[in-house]
Each structure stands twice: as structure tokens, then as C-alpha cells.
Amino acid sequence: MIGSVNRQERYVVLDVETTGLSPWKGDRVIEIGAVAIEGGDLMDEFSTLIQAPRAIPFSASQIHGITDEMLIGRPTPEEVF
């Protein structure tokens with residue numbers, strides 16, 4: 001149940017930002033972040049922007065603040081995943 005995590009447990013929390021919500025229409029993950037928690041303490045963290053195969057729609061940029069310019073030179077999806 002959300003909100004009742006045992007503080008002795010180990011778990012990873014993931015966050016992703018995308019170009020949209022329709023992967024079958026070409027939307028892709030453009031940022032992934034993760035934190036590893038153990039016993040309630042932050043043990044490790046990871047975050048990277050990811051190149052997009054097409055322009056980020058303005059509506060998506062308005063939500064997460066990521067722009068096409070921010071993705072220039074970033075790793076490809078194949079390099080990240």
C-alpha cells in the first residue's frame with residue numbers, strides 16, 4: 001500500500017518525462033531519473049536526458065520544461081536502456 005513502506009526495505013523510485021503519452025504515435029522517453037532507497041536513506045541516484053527522434057511538442061515542453069535544445073548531444077535511447 002502506498003504510504004506504508006517499511007523503512008528497512010530496499011526499493012527504487014523511477015521518474016520519466018516523455019514527448020507525450022502515445023508511444024504508438026512516436027512519443028518517447030526523454031528523461032529518466034531514479035533514486036535507490038534503503039532503510040529510508042538515499043543510497044544512489046541517477047538522472048539523464050535522452051535524445052528524441054523528433055521535436056518535442058510545445059504542449060509537452062510546457063509541462064516538464066525540457067526543450068529540443070536541451071537534448072542536443074545527450075545519449076540515445078539505445079545508450080541509456
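Which members of the stretch 44-69 meet the condition of being more than 17 Å from residue 27 (Cβ to Cβ) and hydrophobic (A, V, I, L, M, F, W, C)?
Selection gives 46 alone.
Consider residue 45 carefully, then state whether it is in contact with a helix residue (DSSP H, G or I) (Cβ under 8 Å, 6 or more places away or on another chain) and at pLDDT 95 or above. So that I can check it myself, show each step before the final result.
On the way: in contact with a helix residue (DSSP H, G or I) (Cβ under 8 Å, 6 or more places away or on another chain): no; at pLDDT 95 or above: yes.
For residue 45, the condition - in contact with a helix residue (DSSP H, G or I) (Cβ under 8 Å, 6 or more places away or on another chain) and at pLDDT 95 or above - is not met.
Output the residues belonging to the stretch 24-42 that are at pLDDT 95 or above, under 17 Å from residue 78 (Cα atoms) and not acidic (Asp, Glu).
Answer for the stretch 24-42, where residues must be at pLDDT 95 or above, under 17 Å from residue 78 (Cα atoms) and not acidic (Asp, Glu): 28, 29, 30, 32, 33.
The values are calculated or read from the model by the stated rules, or taken from the named source; none is laboratory data. Source: prediction; values computed, not measured. We place every Cβ from the backbone using ideal geometry, glycine too, and count neighbours over all the protein chains shown.
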